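The values are calculated or read from the model by the stated rules, or taken from the named source; none is laboratory data. Computed from a prediction, not measured in an experiment: that's the story for all the values here. Positions of Cβ are generated from backbone atoms using ideal geometry, with glycine treated the same way; all protein chains shown enter the neighbour counts.
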Amino acid sequence: MKEWNQDRFLDCWSKERPKLLGFEQEREASVAVPLLVTEEGPGILFEVRSSDLQTQPGEICFPGGGIEGKESPAEAALRETKEELLISGDKIHLLTQIDGTLGPSGAPMWAFLVQLEDYQGTYSKDEVAEVFVLSLKELLAAEPVMHSITMKPIPDEGFTDMIGQEYHWQGRRQSMPFYLFDRHLIWGATGRILKNFLDRVRAM
């Protein structure tokens, strides 16, 4: 049996970012909520995902994606914003981390408020079909339609009976806001992050 070495253990943990167990096969993700100046004042930029993507094609999202290697959630959000909007890093200003959520797989999705400087409407057509901006004024005036879903574990075939066949699995109920702006439907993780952000702005 290996002996306990507290100093070595703490040294190892100081070099990596703890993860949530149970989601090892699912990558954590980070998104940026991009602020920019519009004719109506501050606005937020959204992306429409390319129809060629395998996951969530055509849906509306913030710039973002999976966290790679040893990068931090903030680094991932900034990198993905650069790649998807084709904008240089010195034109993306990290303002603060804001409340995140759980992504479609259940893995954490971290969120960061950023300011875009001199953005010219560019984007990578490999990942993005289009971008659009909604003014903060318009967003704050909108009320989402609220629904909820319950996500419940379904044991695989042959799952152990060590806890009994009648074990009562707990479901996870999750609120789901839906915002409709013209032809753009914002919902899911993007809708939750947006609603929380707007609620915090209203509460100031």
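Cβ separations smaller than 6 Å between residues 6+ apart or across chains give the following pairs from the range 122-143 residues that are loosely packed, with under 15 Cβ neighbours inside 10 Å to residues that are charged (D, E, K, R): S124/E84; K137/E40. So V201 passes all but one of these: (1) of a type in the set (V, I, T); (2) assigned to a helix (DSSP H, G or I); (3) under 24 Å from E84 (Cβ atoms); (4) in contact with a helix residue (DSSP H, G or I) (Cβ under 9 Å, 6 or more places away or on another chain). Which condition number does it fail? Every listed condition holds for V201 apart from (3).
Please verify whether P18 is under 19 Å from Q97 (Cα atoms) and without any contact (Cβ under 8 Å) to a residue 12 or more places away in the chain, treating the condition exactly as stated.
Values: under 19 Å from Q97 (Cα atoms): yes; without any contact (Cβ under 8 Å) to a residue 12 or more places away in the chain: yes.
Yes; evaluated as a whole, the condition is true for this residue.
Annotation: of all residues in the range 43-69 being more than 15 Å from the chain's Cα centre (by Cα) and of a type outside the set (A, V, I, L, M), the one that is modelled with the highest pLDDT is G43.
Quick grid of which residues meet (1) buried (at least 16 other Cβ atoms within 10 Å of the Cβ); (2) over 14 Å from L116 (Cα atoms); (3) in contact with a Lys or Arg (Cβ under 8 Å, 6 or more places away or on another chain):
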site	(1), (2), (3)
V48	yes, yes, no
L53	no, yes, no
G64	yes, yes, no
E71	no, yes, yes
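In the range 81-93, the residues that are in contact (Cβ under 8 Å) with a residue 24 or more places away in the chain and closer than 14 Å to F62 by Cβ reach residues that are part of a helix (DSSP H, G or I) and aliphatic (A, V, I, L, M) with C-beta atoms within less than 7 angstrom, at least six apart or across chains, in these pairs: I92/L78.
Checking each residue in the range 149-172 for being modelled with pLDDT of 85 or more, surrounded by 10 or more Cβ atoms within 10 Å (Cβ to Cβ) and either touching a strand residue (DSSP E or B) at 6+ places or on another chain (Cβ under 8 Å) or not in a loop (DSSP other than H, G, I, E, B) (or both) picks out only I149.
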